[in-house]
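Undergrad: Please read through the structure below; I'll follow up with questions.
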Amino acid sequence: MSGRPRGRIRPNRTALALLGLLLLAAGGYLLTAHLDELSWVDAADPLVPGTELPPDWVCWAIAAVAIGIGLASLRWAVAQWPRNPAAVRWRARADSGDLAVLDSARIAAPLVADLETYPGVRSATAWVTGSGRRPRVHLLVSAAPDTDVVALRARISTHALPRLRQALEVAAVPVTLELRLEDGPVISPARG
């Protein structure tokens with residue numbers, strides 16, 4: 001089991017915050033200059049000396065740089081969007097010969113119910129992907145900050161995953177696990 005790398009989150013947020021502050025400062029400066037509130041800036045002065053238009057290549061270069069920055073920004077924004085594995089539909093033949101079709105979310109539901117009964121676990125989400133013969137499991141588990149992570153991981157490996165392998169009738173299931181430690185009270189599931 002391995003977690004998804006989260007090392008880029010803090011630098012991304014820092015870069016975004018700095019860029020936002022820089023744009024706010026530039027916008028505020030330009031607005032006050034336009035409203036003629038700055039003593040060292042005259043709103044009637046031209047931005048550049050002279051009245052000639054720049055050469056055509058300058059306009060094309062500015063447009064190319066703007067398009068490049070826009071595409072890079074779009075790519076960065078898309079990379080920030082969380083991606084969940086796609087749900088799949090499984091087809092299985094029962095002993096009677098009937099065809100059963102199951103959504104992978106329905107297959108993962110008992111695993112999630114199991115995980116949410118573990119001590120310290122606040123919530124769990126699971127995605128089962130791949131084929132019926134080669135399934136893969138992606139787990140997202142939120143737990144209390146004081147949870148024994150080693151014990152939780154061991155319990156998942158020795159209890160929940162063997163039960164899933166038995167239910168799916170496969171020898172091995174590759175698993176990715178993302179464990180989040182979150183503040184707040186633990187909500188114990190009702191047991192009947």
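Undergrad: Among the residues of segment 147-166, count how many are open to solvent by 60 Å² or more (accessible area, probe 1.4 Å) and touching a helix residue (DSSP H, G or I) at 6+ places or on another chain (Cβ under 7 Å).
TA: Looking only at that region, the number is 1.
Undergrad: I'd like to know if segment 137-149 contains one or more residues that are assigned to a strand (DSSP E or B), farther than 30 Å from residue 16 by Cβ, among the hydrophobic types (A, V, I, L, M, F, W, C) and modelled with pLDDT of 75 or more.
TA: yes
Undergrad: Being part of a helix (DSSP H, G or I) and either crowded, with 18+ Cβ neighbours inside 10 Å or in contact with an Asp or Glu (Cβ under 8 Å, 6 or more places away or on another chain) (or both) is the filter here; which residues of segment 113-124 pass it?
TA: 114, 115
For every residue, the table says whether it meets (1) under 15 Å from residue 178 (Cα atoms); (2) not aliphatic (A, V, I, L, M).
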site: 127; (1), (2): yes, yes
site: 130; (1), (2): no, yes
site: 139; (1), (2): yes, no
site: 143; (1), (2): yes, no
site: 150; (1), (2): yes, no
site: 157; (1), (2): yes, yes
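Undergrad: Could you list all residues from segment 128-176 that are farther than 14 Å from residue 110 by Cα and of a type in the set (D, E, K, R)?
TA: 133, 134, 136, 146, 148, 153, 155, 169
Undergrad: Then there's this: Can we say residue 78 is modelled with pLDDT of 90 or more, closer than 30 Å to residue 13 by Cα, exposed (fewer than 15 other Cβ atoms within 10 Å of the Cβ) and among the hydrophobic types (A, V, I, L, M, F, W, C)?
TA: So residue 78 fails the test.
Undergrad: Any residue in segment 132-157 that's at positive phi: show its pairings with residues that are open to solvent by 50 Å² or more (accessible area, probe 1.4 Å) and modelled with pLDDT of 85 or more at Cβ separation under 7 Å, as long as the two are six or more apart or on different chains.
TA: Between residues of segment 132-157 that are at positive phi and residues that are open to solvent by 50 Å² or more (accessible area, probe 1.4 Å) and modelled with pLDDT of 85 or more, there is no close pair.
Undergrad: Considering only residues that are modelled with pLDDT under 85 and closer than 17 Å to residue 149 by Cβ, look in segment 167-183 and name the one that is least open to solvent (accessible area, probe 1.4 Å).
TA: 182
Undergrad: Ok, one more. Of all residues in segment 125-146, which are of a type in the set (Gly, Ala, Ser), surrounded by fewer than 17 Cβ atoms within 10 Å (Cβ to Cβ) and out of contact with any Phe, Trp or Tyr (no Cβ under 8 Å at 6 or more places or on another chain)?
TA: The answer is 130, 144.
The values are calculated or read from the model by the stated rules, or taken from the named source; none is laboratory data. The model shown is predicted, which means the values in this text are computed figures rather than measured ones. Backbone-built Cβ (ideal geometry, glycine too); neighbour counts: all protein chains shown. Quick note on the areas: whole protein, heavy atoms, side chains included, nothing else; ligands and nucleic acids left out. Shrake-Rupley method; radii C 1.70, N 1.55, O 1.52, S 1.80 Å.
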